[in-house]
Amino acid sequence: MAGAAAEERRLATVVESWLGRPVLVIGDAMLDEWRFAESDRLCREAPAPVLTLRRRISAAGGAANTAVNVAALGGRAVLVAPVGADVAGDELHDCLDRAGVWDRTVAQPGRHTPVKRRMLAGNQILLREDSGDPDDALDGDGVQRLLTALECATEELRAAAGGEAPTLVVCDYGLGALPAPVRAWLVAARDRYATIALDAHDLADWRGLAPTVVTPSFAEATRLLARATSRTDSHLHLDHPAADPTDGPSELSVGTAPGAAGSPAVAAPAGAPGAGVSGAGVSGAAPPLGRPTGGTGEPTPGEDRVAMTGDGLSVTGTGVTVSALAGAGVDRAVLAEARLAELRAHTGADVVAVTLDTEGAVVGGADGASRRSHSTPVPASHAVGAGDAYLAAMTLALAAAAPLPTAAQLAQLAATITVSDTGTCVCRREDLLHALGARGDDAGHLVLVAPEELATIVETQRGAGRSVVFTNGCFDVLHPGHVRYLEQARALGDLLVVAVNSDGSVRRLKGPDRPVNPVEDRVALLAALACVDHVVIFEEDSPAGLIEVVRPDVYVKGGDYPPEMVPEAPLVRRLGGQVRTLGYVPDRSTSAIIDRIRAHGHGTVPGGPERVDARGRSAVLGEPEQVDAHGSTASMPGRPA
């Protein structure tokens with residue numbers, strides 16, 4: 001199968017393959033709280049709106065939202081994280097239970113569950129209040145209980161997966177859930193996990209982990225490169241840009257938008273065109289990551305400000321400094337792409353995916369090739385947690401041994417389809433399949449399947465006590481006759497499998513001018529019918545091979561001849577099935593439609609529209625006719641014959 005439909009099918013197959021895959025998520029779990037209010041006046045005390053609270057929503061955030069996305073996408077998610085013994089912690093437990101996440105969080109008395117509270121009016125975020133102190137470190141007992149939970153969860157997942165090594169996702173947002181002893185345990189236990197994904201504000205803390213994939217934001221990648229450069233090349237000098245900046249230092253608080261009007265541009269990394277240094281610092285940092293306007297992401301503890309100066313890059317205890325004008329007009333994706341190899345070297349990761357918010361992502365692997373994905377700009381309130389969806393889908397795809405380009409496509413798609421509304425983003429498996437053109441149901445199955453998948457599908461359905469109906473055909477120009485036929489076939493059992501001839505097979509059977517529609521279009525229309533459960537394409541002229549695989553309870557063919565005349569009847573009966581024939585509506589045949597189109601094209605219908613019966617006979621339509629199952633025609637009642 002070629003074209004876009006084949007690509008969608010390939011991606012959907014990967015989504016199917018990760019169903020039930022065991023994933024352990026550890027890290028900073030938090031609660032996202034959304035408060036939606038209305039405002040129609042200002043208060044008397046100050047020029048501030050008076051808000052009336054209308055509704056409140058709680059959702060899992062941080063590592064907890066990553067676990068929720070893993071579960072929603074079809075994985076088997078377990079969350080290990082310290083959670084406060086407080087109301088927010090209780091709400092977080094409820095969120096995890098509703099999402100089907102195995103909750104292995106560890107209650108920490110005296111420690112508050114991190115919460116991000118957002119107040120909105122008219123879907124516009126007016127303020128955000130954060131609670132939970134990142135400096136409130138776990139005590140020795142808390143660390144030990146977290147390590148015990150980590151050990152138990154690892155073995156629990158391995159046992160549930162029949163001995164298969166689980167996947168590990170580490171979410172380190174600097175809130176104290178992953179102190180040094182826990183990081184050391186994870187590094188020492190690296191071989192116990194098949195795939196490891198790392199999302200950390202400070203990637204330098206995880207150098208020994210050798211993860212499969214890291215997903216830094218642009219700001220996080222910037223900080224890592226800046227620190228690495230300052231440690232190793234503190235006296236390196238490169239050429240200044242043609243015109244050195246003349247303005248004095250300007251500071252940019254984390255979270256503002258340097259790309260807005262009047263804001264200074266930021267610099268390219270070292271080695272990129274226009275990168276500059278001075279004796280006080282070294283170029284090497286790309287601009288901080290932000291929302292569509294370019295604002296930075298969340299800082300790591302201690303990095304409260306990012307300063308933009310004219311004398312190059314410097315790294316201090318309070319933040320990162322980047323050149324203000326040297327890289328004006330340089331695309332962030334270009335900057336990230338130029339540093340992928342360095343990021344892989346500094347993190348020890350096989351794959352680096354630098355996320356660019358609404359600009360998509362840049363992904364690089366061991367082959368040295370870079371891959372760019374794109375997204376659609378949305379309001380910032382729609383994108384909260386989209387990175388968690390990206391991380392979950394990327395992890396599941398790589399754990400399922402998907403090629404890197406495929407994993408990158410699915411990750412970007414998962415992030416993109418979650419940003420349609422205000423709230424914390426969660427990508428559901430059904431939504432992802434729908435975006436790929438595959439219809440999923442409560443059982444999570446695809447309509448369009450590969451021939452090699454049929455045996456497993458049929459075995460599963462029969463194990464549930466369902467009977468299987470099988471039919472085949474070209475279905476070149478889908479018409480009401482086909483739909484009626486397929487609806488009748490579906491009524492004969494619990495599951496209808498439709499086998500469709502490939503384009504080559506149709507040409508051999510029907511002639512060089514067929515099919516009219518390529519197989520991608522034909523299967524897409526069939527898959528959209530509610531009566532069709534699965535569609536499969538076969539290359540051979542006969543469906544005998546598929547019949548042997550499916551072993552249908554009922555094999556259906558269209559026509560007015562007895563079942564004994566069906567060529568496949570002996571095979572079906574030998575396999576224990578029965579054969580049924582269903583009459584077509586003849587004037588709705590594909591050949592008749594094609595003949596009618598050709599007749600119109602040649603101008604052979606001067607008296608009006610032409611009707612063509614199943615045998616190719618045509619007549620000018622003066623009055624509507626009824627056509628019975630045998631092709632006989634009669635005038636409508638009340639009209640002359």
Can you give the FRET efficiency for residue 507 and residue 367, using 1/(1 + (r/R0)^6), R0 = 35 Å, r = Cβ-Cβ distance, to the nearest 0.05?
0.35
How large is the accessible surface per residue of the stretch 31-142, computed with a 1.4 Å probe and reported in Å² as a whole number?
49
How long are the three semi-axes of the equivalent ellipsoid for the stretch 441-560, computed from the Cα gyration tensor as the root of 5 times each eigenvalue, in whole Å, largest first?
23, 15, 14
Cα-Cα pairs of the stretch 138-216 separated by more than 19 Å (percent):
37
For 565, 30, write out the residues from largest to smallest accessible area, computed with a 1.4 angstrom probe and no ligands counted.
565, 30
If the chain between residue 17 and residue 548 were fully stretched, how many nm would it gain, using 0.36 nm times the residue separation less the Cα-Cα distance?
188.7 nm
If you roll a 1.4 angstrom probe over the protein chains with everything in place, what fraction of the accessible area of the stretch 9-145 belongs to carbon and sulfur, to the nearest %?
49
If I compute solvent accessible area with a 1.4 Å probe over the protein chains, what percent of it on the stretch 447-573 is carbon and sulfur?
54
Search the structure for amide H atoms under 5 Å from the amide H of residue 105, placed 1.01 Å from N in the peptide plane, and list their residues when 5 or more places away or on another chain.
81
Report the convex hull volume per residue for the stretch 509-551, counting only C-alpha atoms, in Å³.
89
Reciprocal of mean inverse Cα separation for the stretch 337-397 (Kirkwood radius, Å)
12.5
I'd like the accessible area for residue 460, computed on protein heavy atoms only with a 1.4 Å probe and all protein chains in place. Round to 10 Å², please.
90
Calculate, for the stretch 392-545, the solvent-accessible area per residue in square angstrom, rolling a 1.4 angstrom probe over the heavy atoms of the protein chains.
39
Dipole magnitude (debye, nearest 20) for the stretch 331-469, charges at Cβ of Lys, Arg, Asp, Glu:
60
Given a Förster distance of 30 Å, the FRET efficiency implied by the Cβ-Cβ spacing of residue 85 and residue 434, rounded to the nearest 0.05, works out to 0.15
The stretch 20-175 pair-distance distribution - Cα-Cα, 5 Å bins, rounded %:
2, 9, 17, 18, 16, 12, 9, 6, 4, 3, 1, 1, 0, 0
One finds, for residue 159 and residue 44 with R0 = 56 angstrom and r their Cβ-Cβ distance, a FRET efficiency to the nearest 0.05 of 0.30
Just grab the label-to-label distance for residue 466 and residue 141, each label 7 Å out from Cα along the Cβ direction, in nm (one decimal).
5.2
Can you tell me, using C-alpha contacts under 8 Å and at least 6 residues apart, the relative contact order of the stretch 352-501 as a whole percent?
15
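The values are calculated or read from the model by the stated rules, or taken from the named source; none is laboratory data. What you see is a predicted model, and the numbers here were worked out from it, not measured in a lab. For neighbour counting, all protein chains shown are included, and Cβ atoms are generated from backbone atoms with ideal geometry for every residue, glycine included. Remember, those area values only see protein heavy atoms, side chains included, never the ligands or the DNA or RNA. Shrake-Rupley method; radii C 1.70, N 1.55, O 1.52, S 1.80 Å.
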